[in-house]
1. Give me, ordered by chain and number, the residues 5 or more places off A:Thr61 or on other chains with an amide H under 5 Å from its own placed amide H.
2. Taking the simple approach of a point 7 Å from Cα along Cα-to-Cβ for both A:Gln205 and B:Ala165, what is their distance in nm?
3. Which is the longest stretch in chain B that no exposed loop site breaks, taking sites as GluC sites (Glu not before Pro) with a DSSP loop state and at most 15 other Cβ atoms within 10 Å?
4. Hey, fewest Cβ within 10 Å first, where do A:Leu45, A:Leu111 land in order?
5. Please report the spacing between the Cα centers of segment B:93-146 and segment B:186-263 in Å, no decimals.
6. Given segment B:66-277 reduced to its alpha-carbon atoms as identical point scatterers, what log10 I(q)/I(0) does the Debye formula return at q = 0.07, 0.14, 0.16 Å⁻¹?
7. What is the projected area of the convex hull of the Cα atoms of segment A:264-306, averaged over all directions, in nm²?
8. When only C-alpha pairs under 8 Å and at least 6 residues apart count, what is the relative contact order of chain A, in percent?
Amino acid sequence: MTAPTTSRPPARTPRPGRRRAPSGLDRARRREAAALVMPSLLPILVLSVAPLLMGVLLAFTDAELVRRPDYQFVGIDNFTRLAGNSFFWDSFRIGMIWAVAVTLLQLVAALGLALLLNSGLRLQSLTRVLALIPWAMPPVVVAIMWRMIYSPNAGPLNAFLGSLGLPDDINWLADFSTALPAVIVVGVWVGMPQTTVTLLAGLQQIPPELNEAASMDGAGAWRRFTAVTLPSLRPIVTSITSLNFIWNFNSFSLVYVLTEGGPGGRTMLPMLFTYLEAFKNRNIGYAAAMGVVLVVVVVLLLTVYLRSQFRDDRVETKKKEG
Amino acid sequence: MRVFAQQLVRPAQYVALAGYIVFLGFPLLWLISASVKSSAELNSLVVSLLPQEWHWANYADALARQGLVSSAGNSAIVALASTALVILIALPASYVLARLKGAIRAAGVGWILVSQVFPVILVVLPLFLILRTIGLTDSLVGLILVHTTYTMPFALWMLQGYVAAIPVDLEEAGAVDGGNRLVVLRRIVFPLLAPGVVATAMFSFVSSWNEFFFALVLLQSPENYTLPITLSTFIGGEGKVALGPLAAGSVLAAIPSIVFFSIMQKKLTGGLMAGAVKG
């Protein structure tokens, strides 16, 4: 949810050629390693691996959130019921729109900012600090802040529109047609910094000679961008897009505080829907089935996306060879 | 014609940059401005970024609210305790992760990657049941354990990067001088890791301080609420809660994270760029 993927570890120094230690020592070292790892393994096993497995099992039960739970295995009942639950699939569709829109807009906006930051303008350090603020702030505070921006009466957004002579009475977060786009903008605002930082690092790794050579061949700025910059950034774009998509699809806090899924379920992301099923309706077995479906679909989509990227790469290398 | 176009590029770039600065910075400025406006001004139809008069009483109001201060205390306890635990547990493990090869490393790295895309919604239900069985729902201890577990993957990743940067030769020299592995770790490796530990600790603190979802699910009684949960209960009934103090409380809640992030800024951006500077 919050973990950034930057600060890549420095390259490992290759070890000087060492002779193999005798096996007794090897075993001692292995025991040592196990002792060092054990303290971190324990909470992981109990609080993260076990719950994940239990979560999958729960999906096949009729468990409810009561004091003395009494589960029964019900096979795939939850899943067949889920297939006919149109509210769930509505929420799923909203989740897809949200995740795809936020991920794409994040990428475009972040790429623009990264290119600007990489072109030797002034105000860079100010922009860099500003760009990190959305990343640092607690999601709840972000949501409170944007509720004030979108406020229908005294909000600066409506005031600004009013000063341009446009309609100034839009209730952004409560109107059926504007609620989802409004939360998408906030999602882009929150996720842009991380994407920018990652893309900027990628841009700085492109050897300047490539651009110079393209320039000499008479390539204009746009041509250089499509022929040199974009292809070089491709692996980074693929990985940050995949990560962003998963993070956005899994996102909960921001929209929960902004709209609680309203108005009329227009911003009911699947995570919110599942949360409500589990902790308001107390059907944890059914909610677990929803969780399983969501995870499976995301994994499938990602596999398709990554495979297509991989195939394109191969086609391109073949073209170059040919 | 081409020269003319080139002269236009710079101004256009500055206009775009200004757009980004407004988009990224304005919401926070607005929050700060709302935090020093009187409620009369906040409800008036005159909308301006600069307050007509600076109404610092909002901050006093926010702090006077019982829930806010005590939940800030809870947040601090949870964040400090889980940070300490994360460092304590992850430090030795990160050493193994960085130095050893083979199955342990592969499994560790694999798990770190998976944890980045972890479906928390699927995990949170059984997690709730497990913690309820051992009586740790609605308890700060339970939340500390959960935050520790879920911050650890990234902390491990950060730390092992710093370990890998320490030359193995240095350790071997220590070993030759007669220290066993643990002595070498304590005398040579851990001191060199200090900057990495500080950065990782700040990251862990911010993650826990900002965290909302687990706290929402696990904590039930208001006296156990962390700051994000208490702030979220203030909204909804915006008519009842004065906007000014809510904005003031939000600014206060964001300060620790923003301060730590500004300190880490060089590391967050610099870490990635280190390799690029040579180019």
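1. So A:Thr61 has HN proximity to A:Val74.
2. Here the answer is 1.7 nm between the modelled labels.
3. Within chain B, the longest run free of exposed GluC sites (Glu not before Pro) spans B:54-237.
4. Ranking A:Leu45, A:Leu111 by Cβ neighbours within 10 Å, fewest first, gives A:Leu45, A:Leu111.
5. 20 Å
6. Here log10 of I(q) over I(0) equals -0.27, -0.94, -1.13.
7. 3.5 nm²
8. Relative contact order for chain A comes out at 28 percent.
Computed from the coordinates by the stated procedures, all read-outs in this text should not be read as laboratory data. These numbers come from a predicted model, not from an experiment. Here Cβ is always computed from backbone atoms with ideal geometry, including for glycine, and neighbour counts include all displayed protein chains.
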